């Protein structure tokens with residue numbers, strides 16, 4: 001097992017993976033630990049061959065666009081890597097940074113116009129734990145054993161040849177199954193039986209590719225391929241799980257706010273909320289990083305901020321005096337914030353960073369390249385010397401400071417100093433007892449105020465529940481009022497309709513006149529409106545005001561309702577469609593004019609003289625009888641002509 005990390009760092013020199021004519025050429029840096037083994041210029045084919053031969057731990061790139069044009073090609077590239085080789089993008093995963101910024105975090109500078117310098121830097125920062133591993137496959141693999149030769153068209157020995165290849169596939173499948181059983185891996189097996197053995201054996205192994213105890217194989221008769229199960233989208237996993245160090249400013253109160261900076265003064269997170277307690281603040285800070293310095297904008301750090309500082313074992317920072325509003329505005333001016341609480345938290349963090357900035361800059365000049373600047377700065381801020389911190393990080397011997405030899409003789413004033421210290425201890429014990437009594441009083445006051453708050457909250461909750469119920473009932477009442485108004489309108493319409501029906505019935509009882517129902521248009525909508533208004537019964541006389549837009553369907557509907565007659569204006573009928581009268585004759589509905597029936601219209605109702613109506617209907621019936629007789633005559637003549645024609649054809653055939 002290798003104890004030193006082996007890393008390949010690459011950067012593109014010329015060409016592109018998107019070009020078909022100019023294939024990419026890479027600068028390759030091979031490293032073991034922090035030692036550069038070789039530098040060379042390779043093609044993509046040569047790079048894959050070296051990866052399969054040497055199988056390094058990490059292949060480091062600064063951008064995935066240099067090795068794959070799209071996601072499909074990236075899956076293909078990752079499939080071709082050795083199982084134990086991880087692809088690392090040193091500039092980050094979903095949220096990328098520039099290589100210069102990543103290198104500066106380790107105090108490394110390079111010429112960004114030199115591909116070999118970029119490849120060297122990429123390999124160095126990958127060795128130090130920068131970047132994110134590219135994850136494209138699930139923890140499930142597929143092993144496919146199949147033929148490596150075509151069976152051909154056949155010959156004298158075709159059956160023996162086929163049996164030999166299929167037997168080799170089956171034998172290889174059994175060897176792989178034994179290896180999986182020996183490794184204790186869970187798997188599913190599917191065989192495709194063929195003459196003499198198997199033509200294909202597929203294993204579904206429930207583990208990652210690097211844990212499969214089988215390698216890709218190509219023999220004379222059999223080939224073995226190992227594929228990972230693809231994820232729906234590419235994922236990124238940080239190469240180093242160590243959180244970033246933070247400088248945190250906190251403003252407690254009814255609205256709690258906190259701001260988190262990195263050790264270079266860049267704002268990483270700013271948040272405020274009225275519902276956020278100290279536990280929520282601690283949880284949010286854990287997600288951002290690891291607080292190194294907890295700062296407040298007042299001289300005496302509040303107790304709630306002190307609790308958060310103790311939770312992270314962070315260093316406390318408080319200003320010498322309370323920060324003024326003018327200073328806060330000046331400090332937070334380059335940043336955007338939502339309210340005064342966020343401004344106060346941000347100014348506290350920036351004030352702490354301003355206090356330590358010069359020390360960080362001096363350390364930057366003294367730290368050699370290739371060390372994590374944040375880790376070194378954190379150790380020095382916590383009290384370690386620079387030499388001690390570098391020695392611990394490099395795994396070397398830690399220099400132990402030499403202790404001074406104890407004095408040979410006891411100071412003459414030793415006894416006096418002991419008496420002074422004893423008196424100080426007694427006074428401090430008395431002070432502690434007084435503070436404990438004060439704490440008890442404060443605890444009692446806190447419990448009393450909490451009980452009062454609970455009582456106020458209970459009464460307020462009851463009022464809110466009452467207000468909510470009132471609002472709900474008001475909404476129900478408003479809805480019922482709307483429904484009531486709708487029903488009242490419907491009731492009024494029904495009353496009007498009932499009055500018209502009664503009036504029509506009264507007119508029908510008079511034997512001298514016949515009531516007429518008025519329909520505005522000879523359409524389905526007009527018929528529907530008339531039906532909803534007064535209704536249509538069998539034997540009714542209907543007067544139509546307009547006949548434009550008529551159709552055969554409405555004539556058919558009137559026939560089904562068995563109306564007695566349809567009356568239209570004489571002028572309207574004269575200029576009507578020529579097909580109108582034939583349609584009514586086909587339906588058997590009398591169509592007469594208002595002059596013939598003596599109709600008088602008043603609004604939506606009308607009257608006609610019974611004697612004139614009967615006379616008009618008799619005239620219509622006479623014409624209707626002649627019309628039907630003519631139709632029958634035409635039909636008989638047509639039948640006779642057809643018969644005569646068919647008879648002539650038969651005579652010609654027999655002649």
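Which three extents, in whole angstrom, do the alpha-carbon atoms of the range 71-180 cover along their principal axes, largest first?
Extents along the principal axes, in whole Å: 72, 30, 22.
Looking at the range 446-596, what % of the alpha carbon pairs are farther apart than 26 Å?
On the way: 5876 of 11325 pairs.
The share of Cα pairs beyond 26 Å in the range 446-596 comes to 52 percent.
Just to be sure I understand the model, the point goes 7 Å from the Cα along the line to the Cβ. What's the resulting residue 448 to residue 361 distance in nm?
Here the modelled spin labels are 5.4 nm apart.
Using only the Cα atoms of the range 36-104, what semi-axes does the equivalent ellipsoid have when each is the square root of 5 times a gyration tensor eigenvalue? Give whole Å, largest first. The partial results should precede the final answer.
Working: eigenvalues 85, 54, 26 Å².
Listed largest to smallest, the semi-axes of the range 36-104 are 21, 16, 11 Å.
Can you give the Rg to Rh ratio of the range 444-496, both from alpha-carbon atoms, with Rh computed by the Kirkwood formula? Provide the component values of the computation, followed by the final result.
Numbers: Rg = 23.0 Å, Rh = 14.7 Å.
Ratio of gyration radius to Kirkwood radius: 1.56.
Relative to the first principal axis of the alpha-carbon coordinates of the chain, what is the inclination of helix 44-54, with its axis defined by its Cα atoms, in degrees from 0 to 90 and to the nearest 10?
Between helix and principal axis, roughly 50 degrees.
Return one number: the angle in degrees, 0 to 90 and rounded to the nearest 10, between the long axis of the Cα atoms of helix 115-127 and the longest principal axis of the Cα atoms of the chain.
Orientation of helix 115-127: about 80 degrees from the principal axis.
Could you work out the helix-only [θ] at 222 nm for the chain, with each DSSP H run of four or more residues adding -39,500 (n - 2.57) and the total divided by the number of residues, to the nearest 500 deg cm²/dmol? Write out the running numbers ahead of the final one.
Details: 18 runs with 317 residues, N = 655.
Per the formula, -16500 deg cm²/dmol.
In nm, to one decimal, how far is the residue 65 label point from the residue 538 one, both placed 7 Å along Cα→Cβ?
With each label point 7 Å from Cα toward Cβ, the separation is 8.6 nm.
On a full-extension model of 0.36 nm per residue, what is the gain between residue 329 and residue 525, subtracting their alpha-carbon distance, rounded to one decimal in nm? Could the numbers behind the result be given before it?
Working: separation 196, 0.36 × 196 = 70.56 nm, distance 7.33 nm.
Value of the extension gain: 63.2 nm.
I need the calculated FRET efficiency for the pair residue 52 and residue 392, taking r as the beta carbon distance and R₀ as 30 Å, to the nearest 0.05. Intermediate values should be presented prior to the final figure.
Values: r = 38 Å, r/R0 = 1.27.
About 0.20, to the nearest 0.05.
Between residue 436 and residue 457, what FRET efficiency follows from the Cβ-Cβ distance if R0 is 35 Å, with the result rounded to 0.05?
Values: r = 31 Å, r/R0 = 0.88.
Efficiency, rounded to the nearest 0.05: 0.70.
Using only the C-alpha atoms of the range 246-381, find the volume of their convex hull and express it per residue in Å³.
Details: hull volume 14.5 nm³, N = 136.
Output value, Cα hull per residue: 106 Å³.
Distance between Cα centroids, the range 84-157 to the range 192-232: provide it in whole Å.
Value for the Cα centre distance between the two parts: 23 Å.
Mind giving me the nanometre distance, one decimal, between the label points for residue 299 and residue 634, set 7 Å out from Cα along Cα→Cβ?
A separation of 11.8 nm, rounded to one decimal place.
With no solvent and one point per C-alpha, what does the Debye sum give as log10 I(q)/I(0) for the range 510-636 at q = 0.10, 0.11, 0.16 Å⁻¹?
For the requested q values the scattering log ratios are -0.30, -0.36, -0.76.
Could you list the residues of the range 200-222 with an amide nitrogen less than 18 Å from a label point located 7 Å from the Cα of residue 157 in the Cα-to-C-beta direction?
Zone members listed by number: 220-222.
Taking only C-alpha pairs under 8 Å that are 6+ residues apart, what is the relative contact order of the chain in percent?
Values: 938 pairs, mean separation 47.9, N = 655.
With pairs under 8 Å counted, the relative contact order is 7 percent.
Would you mind putting 93-105, 637-649 in packing order, based on average other-beta-carbon counts within 10 Å, highest first?
Result, highest mean first: 93-105, 637-649.
Taking square-rooted eigenvalues a ≥ b ≥ c of the alpha carbon gyration tensor, is the range 537-607 rounded, prolate or oblate, where a/c under 1.5 means rounded and, failing that, a/b exceeding b/c means prolate? Mind dumping the intermediate values first?
On the way: a/c = 1.70, a/b = 1.14, b/c = 1.49.
It comes out oblate by the Cα gyration axes.
Which length gain, in nm to one decimal place, applies between residue 164 and residue 644 when the Cα-Cα distance is subtracted from 0.36 nm times their residue separation? Walk me through the intermediate numbers first.
Details: separation 480, 0.36 × 480 = 172.80 nm, distance 8.67 nm.
Length difference between fully extended and current span is 164.1 nm.
Which whole number of Å³ per residue matches the convex hull of the alpha-carbon atoms in the range 6-130? Please list the in-between numbers first.
On the way: hull volume 12.7 nm³, N = 125.
Hull volume over Cα atoms, normalised by residue count, gives 101 Å³.
Compute the FRET efficiency between residue 478 and residue 587 as 1/(1 + (r/R0)^6), taking r as their Cβ-Cβ distance and R0 = 60 Å, and round to the nearest 0.05.
On the way: r = 52 Å, r/R0 = 0.86.
Calculated value: 0.70.
When the gyration tensor of the chain is built from Cα positions, what are the square roots of 5 times its three eigenvalues, in whole Å, from largest to smallest?
Values: eigenvalues 1722, 605, 115 Å².
Equivalent-ellipsoid dimensions as semi-axes: 93, 55, 24 Å.
Where a number appears in this text, it was derived from the coordinates with a stated rule and is not lab data. In this text the structure is predicted, and so the values were computed from the model without any measurement. Cβ coordinates were reconstructed from backbone atoms using ideal geometry, including for glycine residues, and neighbour counts include every protein chain displayed.
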